[in-house]
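Participant: Handing you this structure, nothing more for now.
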Amino acid sequence: GINERTFLAIKPDGYQRRLVGDIIRRFERKGFRLVAMKLMQASESLLKEHYFDLRDRPFYNRLVKYMGSGPVVAMVWQGLDVVKTARLMLGETNPADSLPGTIRGDFCVDVSRNIIHGSDSRESAQREIALWFRPDEIVCWQDNAESWIYE
Ligand SMILES: Nc1ncnc2c1ncn2[C@@H]1O[C@H](COP(=O)(O)OP(=O)(O)OP(=O)(O)O)[C@@H](O)[C@H]1O
């Protein structure tokens, strides 16, 4: 949809490596709009809830520990088909499968240090946005079809 939203989080390794500006710049230049952002230390309970679907995977505990090992930059981005396009811009989960030009393809080699998270569907986006943000932390911005064409 035209005003679709997705949840992106720059992981502790992305923050530590000072990639925040580059990552935000990519999404702005692409044409998406930043509608919420906070730099935060995520709690263990938030991270466990966020990764609930992966709770039975062998790397789950390591993943929660890594995500809590430093600040994360939690963001909501809005725009036409942003869920799918953001996933393309991130690259594959495993950086070894990510093409150059994608965030993971350009900046990392290790699946357990892969810089950024992005919602994988509109349903997960809704769930994750509600988990990480209060409604009053999100800017209300509506692009209409005409502004996309004439802006
Ligand atoms: N085999 C693995 N070993 C270590 N960590 C892994 C492994 N597979 C996935 N992860 C970590 O768990 C995260 C979530 O895995 P998932 O399969 O949901 O991939 P994803 O949807 O591409 O990632 P994300 O949810 O972070 O955008 C990955 O981004 C990665 O940090």
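The values are calculated or read from the model by the stated rules, or taken from the named source; none is laboratory data. The structure presented is a predicted model; accordingly, all values stated were derived computationally and were not measured. As a convention, Cβ positions derive from the backbone with ideal geometry for all residues, glycine included, and neighbour counts pool all protein chains shown. Note: areas computed on protein heavy atoms with side chains; ligands, DNA, RNA excluded. Shrake-Rupley method; radii C 1.70, N 1.55, O 1.52, S 1.80 Å.
Participant: Looking at the range 48-62, I want the residues that are at pLDDT 95 or above and have a partner that is near the ligand (Cβ under 8 Å from one of its atoms) and open to solvent by 90 Å² or more (accessible area, probe 1.4 Å) with Cβ atoms under 9 Å, at least 6 apart or on another chain. Which pairs are those?
Facilitator: Tyr51/Arg57
Participant: Taking the range 20-70 as the search range and keeping residues that are part of a loop (DSSP other than H, G, I, E, B) and within 29 Å of Ile2 (Cβ to Cβ), which one is nearest to the ligand (Cβ to nearest atom)?
Facilitator: The extreme case among them is Phe32.
Participant: Oh, and also: Looking at the range 71-122 only, could you name the residues that are near the ligand (Cβ under 8 Å from one of its atoms), of a type outside the set (D, E, K, R) and either under 12 Å from the mean Cα position of the chain (by Cα) or open to solvent by 70 Å² or more (accessible area, probe 1.4 Å) (or both)?
Facilitator: Those that are near the ligand (Cβ under 8 Å from one of its atoms), of a type outside the set (D, E, K, R) and either under 12 Å from the mean Cα position of the chain (by Cα) or open to solvent by 70 Å² or more (accessible area, probe 1.4 Å) (or both): Leu90, Thr93, Val111, Asn114, Ile116, His117, Gly118, Ser119.
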